[in-house]
Amino acid sequence: MRLEGELDDAQRRTISGLLAEEEAKLGRLKAAAGERDLSALIDILAQRAGILFDGASPASIESHQSRLSATFDQVPVGMGLTDGDGKLVLANDRMRRFVPSEIPSRDPERLRRWRLETRDGPLSPFRWPGARALRGEPVNPGIESIFIADDGHETAVRVAAVPVRDGGARVAGVIAAVYELEALGRDETLQCISVLVAEEMGKPFPGDAADLA
């Protein structure tokens, strides 16, 4: 439809408002798509990481750690792997900004850096994502959290955590991710995560014949 004549101030404000609403809606849709892909990636990596706790040979563990670490470094969000005590085994630099050594719910020095709230008030660390995942409960996609930096600056992020199980189906660790939802809607981030999901889905799982060849 073509608009005839010049627009007055009220019409311009109306059109600008409508355009802003559409842009915001598109941003939310893209962020949701990015979060869906990220959730799929976390689930895949959690399945792959089980071999690291399953009595594999040192050479096999080293090989799979190297692969997992390389994937972490490509992910444009904070991502890491913990052991069954919640201590970091592998992590990218983005993750270490938020979680230097172990999940916050088990680190008294880091508890004060995080604030997780629900409609009913502050969430007990017992119910934080990492703690839940260590009890076998996946939290994916993540839940809203506030991270407080050294200078007091607060950043709204989401935290996801998925249990990693060994061959006996026991929880041996956790794959965790920290991310800003809005950032997942950026075109380059969307493409990167989508490519990583496709690559991981195309790889043989540990123990497959192709993986052992």
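Protein heavy-atom accessible surface, 1.4 Å probe, per residue over the chain: 57 Å². To the nearest µm²/s, what D does Stokes-Einstein give for the chain at 37 °C and 0.692 mPa s, using the Kirkwood radius over alpha carbon pairs as Rh? The estimated diffusion coefficient comes to 174 µm²/s. Assuming charge only on the beta carbon of Lys and Arg (+1) and of Asp and Glu (-1), the dipole of region 121-177 about its Cα centre is about 420 debye to the nearest 20.
Using just its DSSP H runs of length 4 or more, each adding -39500 (n - 2.57), the chain gives a mean residue ellipticity at 222 nm of -13500 deg cm²/dmol after division by all residues.
Each peptide in 186-195, 79-88, 45-54, 109-118 receives the mean, over its residues, of other Cβ atoms within 10 Å, and ordering these scores from highest gives 45-54, 79-88, 186-195, 109-118.
Over all orientations, region 144-188 has a Cα convex hull whose mean projected area works out to 5.0 square nanometres. Comparing Cα centroids, region 67-83 and region 158-195 end up 9 angstrom apart. Among 95, 141, 122, whose Cα projects farthest towards the positive end of the dipole of the chain, with charges put on the beta-carbon of Lys, Arg (+1) and Asp, Glu (-1)? It is 122.
The values are calculated or read from the model by the stated rules, or taken from the named source; none is laboratory data. Nothing here was measured: the structure is a model prediction, and the numbers come from that model. Quick reminder, even Gly has a Cβ in these numbers, built from the backbone with ideal geometry, and neighbours come from all protein chains shown. Side chains are part of the model used for accessible areas, which takes the heavy atoms of the whole protein and leaves out ligands, DNA and RNA. Shrake-Rupley method; radii C 1.70, N 1.55, O 1.52, S 1.80 Å.
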